[in-house]
Amino acid sequence: IQLYSDEAYYWAYSRFMQWGYFDHPPMVALMIRAGYELFQNELGVRLFSVILITLTIWILFRLSKVENQKLFALLIFSIFPFHLFGLTSMPDSPLLFFTALFFLVYERYLEDDSTKIALILGVVMSLMLYSKYQSVLVILFTLASNPALLKRRSFWMASIFGAILFTRHLYWQY
């Protein structure tokens, strides 16, 4: 299938790697660049989108802890964005993946308040931000749902570490 117009736009980004672009952070361009290095065609442009959506579904399965696997499969197959973002290379693919990964790490962080898990949480937060700016809403709503996080020193460490990792993009924007 030929590239969708937005995919061609992001493919052009991937030819000229930067820390950011006019309207998006660089994750989609990085994802396309990596796939295009392997296959110089539409498959290369879409390769990591397919991989990330597949991993997203696996993470959701793990997070949901469902007993009825057929029901989970029916639910996933009924969610149109998974199919759209799984077949096209858009910024939403890495956003969905890193959001699911964020909640997987966050679940672990709530169980184990260690420096290691906090730093991993910070890395995942920065990767979400490198995917799409709207990911800041995931972080803010997670914080709003559990304001006790503000009392954890490790949460501040994770947030500051994630912000430091994101500063290169902010500097590029400046």
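Listing for the model above:
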item	result
Verdict on Asp113 being among the acidic types (Asp, Glu), farther than 24 Å from Tyr4 by Cα and either in contact (Cβ under 8 Å) with a residue 40 or more places away in the chain or open to solvent by 40 Å² or more (accessible area, probe 1.4 Å) (or both)	yes
Of all residues making up the range 27-50, the number that are of a type outside the set (A, V, I, L, M), open to solvent by 10 Å² or more (accessible area, probe 1.4 Å) and under 23 Å from Thr99 (Cα atoms)	3
Filter result for Ser78 (open to solvent by 60 Å² or more (accessible area, probe 1.4 Å) and of a type in the set (S, T, N, Q))	yes
One residue from Ser78, Ser145, Ser89 being within 24 Å of Arg33 (Cβ to Cβ) and of a type in the set (S, T, N, Q)	Ser89
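One line per residue, one yes/no per condition, for (1) open to solvent by 20 Å² or more (accessible area, probe 1.4 Å); (2) charged (D, E, K, R); (3) modelled with pLDDT of 95 or more; (4) closer than 24 Å to Tyr21 by Cα:
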{"residue": "Lys70", "(1), (2), (3), (4)": "yes, yes, no, no"}
{"residue": "Ser89", "(1), (2), (3), (4)": "no, no, no, yes"}
{"residue": "Tyr106", "(1), (2), (3), (4)": "yes, no, yes, no"}
{"residue": "Ser131", "(1), (2), (3), (4)": "no, no, yes, yes"}
{"residue": "Phe161", "(1), (2), (3), (4)": "yes, no, yes, yes"}
{"residue": "His169", "(1), (2), (3), (4)": "no, no, no, yes"}
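Residue-wise test of (1) under 21 Å from Gln134 (Cα atoms); (2) in contact with a Gly (Cβ under 6 Å, 6 or more places away or on another chain).
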site: Leu38; (1), (2): no, yes
site: Phe48; (1), (2): yes, yes
site: Leu52; (1), (2): yes, no
site: Leu63; (1), (2): no, no
site: Asn68; (1), (2): no, no
site: Ile76; (1), (2): no, no
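The values are calculated or read from the model by the stated rules, or taken from the named source; none is laboratory data. Keep in mind it's a predicted model, so treat the numbers as computed, not measured. Cβ: placed from backbone, ideal geometry, glycine included. Neighbour counts: every protein chain shown. What goes into the accessible areas is simple: the full protein's heavy atoms, side chains included, and nothing from ligands, DNA or RNA. Shrake-Rupley method; radii C 1.70, N 1.55, O 1.52, S 1.80 Å.
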